[in-house]
Structures are given as C-alpha cells and as structure tokens.
Amino acid sequence: MKQILVVEDDLQILNNIQEILLLEDFDVLIAHNGAIGVQVAKERQPDLIICDVMMPELDGFSVLKALRQNSLTATIPIIFLTAKAARNDMRAGMELGADDYLTKPFTVQELLQAISTRLEKQAIIKQENAAKLDGLRWNIASFIPHELLTPLHGILGVSDLLLNCYETMSVSEVIESIRVIQVSGTRLNRLVRNFMLYTDLEASAINKPKWKNEFEFTDVKYIIGLAAQRYAKELNREKDLEIDVEDVTVSISGKYFTKVVEEIVENAFKFSELGTPVRIFSEVNSQFFKLYVSDRGRGMTAEQIANIGAYMQFERKHYEQQGNGLGLILAKRIVELYDGEFSVESIVSEQTTICIKLPKFGLQCAVK
C-alpha cells in the first residue's frame, strides 16, 4: 500500500483529500502545517507528498527546501496545491524541485491522475536505480578482485621464483623477473591510487569551493605531448599517434590536468587496434580550451556513454581488458570540478571522440 502525506492548513480541504485517498486504498498521513509536515516526512518517508503552498509559518516552498536538503526525503515526489495560478509561482516551485502543481479548485480525477503519474514515474526511477546498482555490484564483484589479484600474482609468483631459483638463473632472467615485479607493482600502485583519488573527488564534489585554488593554471601542450608519446611508445604505436595541439594556459592544476590527459589518451589506445590512428587536437577561443582525443576503435553506444561511471567496463564479457572502469569517470569528475565540460561522441565499431572543455587561465579573475 502506497503511503501519501498531505500537508494542508485548511481543515476542510485536508479532510476531503484524506477521504478521497482512503477510498482509493492509500495509507494517508496528515499534517496541519509545514513544520509538522517536514517532521512527519523525515520520520515516515512516505511515497508521495501533497503540500499546500500558502501556509503560515512554514510555506510550501520552505517545506520543499527542507525536504530536498535531507537525504532521507530528497527524492520523495511532491505535488503542490495552490490557489495561485501565476506562472512565476509555478516556476519558482519547479525550480526548487516540485514534481507537479494542482490549482485549487481541482477535481477528484485531476488529483488521482497527478498522483498516479508521479507514483508511476517514481517507480520507473527506482527500477532504473536498482538496475544501475545491480550493475555496479556485478562490476565490482567481477572486476575488482581480478584487477587486484592479477598484479599480486605477478609480484608473488615471480618473487617466489627468485627466492627459490636465483642460483640457477642467468643475469638476464633475474633482470627480466625484476622487471615483471616492477610492472606488476606499478599497476597495483596505480589501481590503489585511482581508488583513493575517486573517493577524494566524490567527497570534493560536495564541498567544491575547497577543492580548487582560483590561481591554479597549467600550460597544456607539453603535458599532452608527453602523456600521448609515452603511451604510444609503450604500445609500439608511435606511428598511430597524431597530435595538433595549441599551446595555451588553462585554469586547472597541472597534476590533475595530467591525470585527465593520461586517462583519456590511455583509453583511446586501449580500445583501438594497432595501425589505426589516435588523433589529439585542440580548439581555442577567447574563453575556452577544447581538447579532443579521437580513436578508430570499437566505439560506444548511447546507453554506454550515459552510464560512464566508476567500475563500469563495457563488454567485459566479450573483450579481455585490463582496467577497473575508473579512468573516464576520474577524468570527467576532475574536469567538472574545475568548471569544465566532459563529453563523448561515438559510433559503434567506428570511432570515439572524447572532448574536454576548460576555461582559459585569467577568465575567472576577469569575470570577478
């Protein structure tokens, strides 16, 4: 049984709505003013709230603000009741997060239809969130142990070999074993650091002003060239790399810009074949710097682009690949925290182009 909270200071209207909802087999909670309504909503967390706008002490807008600021009530759909039909009142409520409006007087059918629409929409949202959560659980359960154990196996296995067989091994075999340990250790170190960075980024998104220094800036051309050439060399794909980037200064920390470039460039090489081009180029205007990284790899569907997130690796069942799904979401979070934009355009089995857009250094100061 769905539970609905009705917040209304007019007792006649409150009783009428309560009677209608009870006849429709809803579990009804009532509150005679906004303050009580907020308290009941936090304690009972109903499926939907019907709230009058014009109330003494705490009006409907204040109720909505209070509920949206609390994690327990932030997603509860709210239908406003109002005697005012002015557009600016409706707009103000919608901007604050109201889900619907009913103008008094309203019919029983209008009330029930509004409720049905909101509950159906909420059910769809819950289903989508549950599916995403299931997908996240599956990704974590399937991929994270693998990503942790693979480098650990390399370190433990080869170190054990060295301890037990070093006397019979040639110098070149010992050196190669040490190299395997170093590569595995580097991979494991990066994995752990990415987890830590992702946690910091998610926390910083809540407290953005403390994340950045307005005087941070970076000259981009050298960083881009260094990261791109390093990955191309590691994969023996120097001939595939094409770079045409302007030398400008952007408003972002050099450390974090380097991280963004590394993740995007590595992604382009990782998901494209040897002999296909990886193009890195830029556009600059008076306000912004845009960096594009384009490859001719397997591409992504619109759904996959929309679902870019931590621990999400697409088509892992069909393609063997290293990585933990953190790369693109790390780049996206960093860019957004520096007032930039991150976008992906892709054609399945043909190409993918990732674009980051960042303010040029000095723009924010000029605005101030």
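Among Cys355, Cys165, the ranking by other beta carbons within 10 Å of each residue's beta carbon, starting with the fewest, stands as Cys165, Cys355. With each label modelled as a point 7 angstrom along the Cα→C-beta vector, the Gln287-Val192 pair spans 4.4 nm.
Look at Ile347, Ile4, Ile223 and count the other Cβ atoms within 10 Å of each Cβ; fewest to most, that gives Ile347, Ile223, Ile4.
Applying a threshold of 21 Å to the alpha-carbon distances of Lys255/Lys332; Lys239/Lys332; Lys233/Lys360; Lys65/Lys357; Lys239/Lys270 flags Lys239/Lys332; Lys233/Lys360; Lys65/Lys357 as lying beyond it.
Taking amide H atoms as placed 1.01 Å from N in the peptide plane, the amide H of Phe217 lies under 5 Å from those of Ile252, Gly254, each 5 or more residues away in sequence or on another chain.
Straightening the chain between Lys104 and Gln3 buys 34.1 nm, computed as 0.36 nm per residue apart minus the Cα-Cα spacing.
Stretched out straight at 0.36 nm per residue, the stretch from Thr249 to Ile20 would grow longer than its current Cα-Cα span by 76.1 nm. Across the stretch 354-361, coupling constants 3J(HN,Hα) worked out from phi with the 6.51/-1.76/1.60 Karplus curve, θ = phi - 60°, read 9, 10, 10, 10, 10, x, 6, 5 Hz, and Gly and Pro carry x. Working from label points 7 Å from Cα in the Cα-to-Cβ sense, the Glu120 to Met169 distance is 6.7 nm.
Bear in mind these aren't lab numbers, they're just calculated from the coordinates by the rules spelled out. The model shown is predicted, which means the values in this text are computed figures rather than measured ones. When we count neighbours, we look across all protein chains shown, and the Cβ atoms used for this are built from the backbone with ideal geometry, even at glycine.
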